[in-house]
1. Please go through segment 23-39 and pick out each residue that is in contact with a helix residue (DSSP H, G or I) (Cβ under 6 Å, 6 or more places away or on another chain) and not hydrophobic (A, V, I, L, M, F, W, C).
2. How about segment 73-99: which of its residues are among the basic types (Lys, Arg) and either part of a helix (DSSP H, G or I) or on the phi > 0 side of the Ramachandran plot (or both)?
3. Being under 17 Å from Pro10 (Cα atoms), of a type outside the set (A, V, I, L, M, F, W, C), surrounded by fewer than 19 Cβ atoms within 10 Å (Cβ to Cβ) and modelled with pLDDT of 85 or more is the requirement here; does Glu79 meet it?
4. What do you reckon, is Cys102 in a strand (DSSP E or B), out of contact with any Leu (no Cβ under 8 Å at 6 or more places or on another chain) and of a type outside the set (Lys, Arg)?
5. Considering segment 15-31 alone, what residues qualify as being outside any helix (DSSP H, G or I) and of a type in the set (Ser, Thr, Tyr)?
6. Considering segment 32-53 alone, what residues qualify as being under 29 Å from Leu96 (Cα atoms), among the hydrophobic types (A, V, I, L, M, F, W, C) and outside any loop (DSSP other than H, G, I, E, B)?
7. Take His12 and decide whether it is on the phi < 0 side of the Ramachandran plot and either surrounded by fewer than 13 Cβ atoms within 10 Å (Cβ to Cβ) or not in a helix (DSSP H, G or I) (or both).
8. All but one of (1) more than 28 Å from Ala24 (Cα to Cα); (2) surrounded by 14 or more Cβ atoms within 10 Å (Cβ to Cβ) hold for Ala95; which doesn't?
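The values are calculated or read from the model by the stated rules, or taken from the named source; none is laboratory data. Remember, predicted model here, so these are calculated numbers, not experimental data. Neighbour counts are summed over all protein chains in view; Cβ atoms, including those assigned to glycine, are modelled from backbone coordinates with ideal geometry.
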Amino acid sequence: MVTSEVIREPRHQTSASCIDATHALSGAQGNMEQAIPYLHSTRVATKALHVAGSELAARMAAALIPTGMWFECEQLDREKWHFAVAPAGYGRLVALHGALLCSQNTSEV
């Protein structure tokens with residue numbers, strides 16, 4: 001059985017989403033040594049981006065929700081967030097992140 005404790009280690013080693021880590025561990029019958037190389041491969045179903053700052057993460061989530069694009073958002077620590085999207089939406093996620101960073105920097109000046 002794949003539990004959240006078992007999923008945590010491969011996620012930290014590979015920055016994979018929770019869904020990808022679960023699938024990799026399930027396919028490897030819980031064997032972490034087999035799951036890690038799979039998560040490093042290009043066959044992984046999601047792409048991830050780390051975002052610093054809870055305000056920026058909240059603005060990103062608020063901007064993504066109306067688009068209807070699937071995304072997964074998880075808080076890693078107090079000021080670090082992990083956004084995962086399907087590979088087709090990764091470019092859009094990166095562009096949105098850049099635009100929000102620019103608007104945040106210009107509003108601080």
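1. If the condition is that a residue be in contact with a helix residue (DSSP H, G or I) (Cβ under 6 Å, 6 or more places away or on another chain) and not hydrophobic (A, V, I, L, M, F, W, C), then Tyr38 is the only one that fits.
2. Kept after step one, since they are among the basic types (Lys, Arg), are these residues of segment 73-99: 78, 80, 92.
Selection gives Arg92 alone.
3. Against the criterion (under 17 Å from Pro10 (Cα atoms), of a type outside the set (A, V, I, L, M, F, W, C), surrounded by fewer than 19 Cβ atoms within 10 Å (Cβ to Cβ) and modelled with pLDDT of 85 or more), Glu79 does not qualify.
4. No.
5. Matches in segment 15-31: Ser15, Ser17.
6. Those that are under 29 Å from Leu96 (Cα atoms), among the hydrophobic types (A, V, I, L, M, F, W, C) and outside any loop (DSSP other than H, G, I, E, B): Leu39, Ala48, Leu49, Val51, Ala52.
7. Working: on the phi < 0 side of the Ramachandran plot: yes; either surrounded by fewer than 13 Cβ atoms within 10 Å (Cβ to Cβ) or not in a helix (DSSP H, G or I) (or both): yes.
Yes.
8. Failing condition for Ala95: (2).
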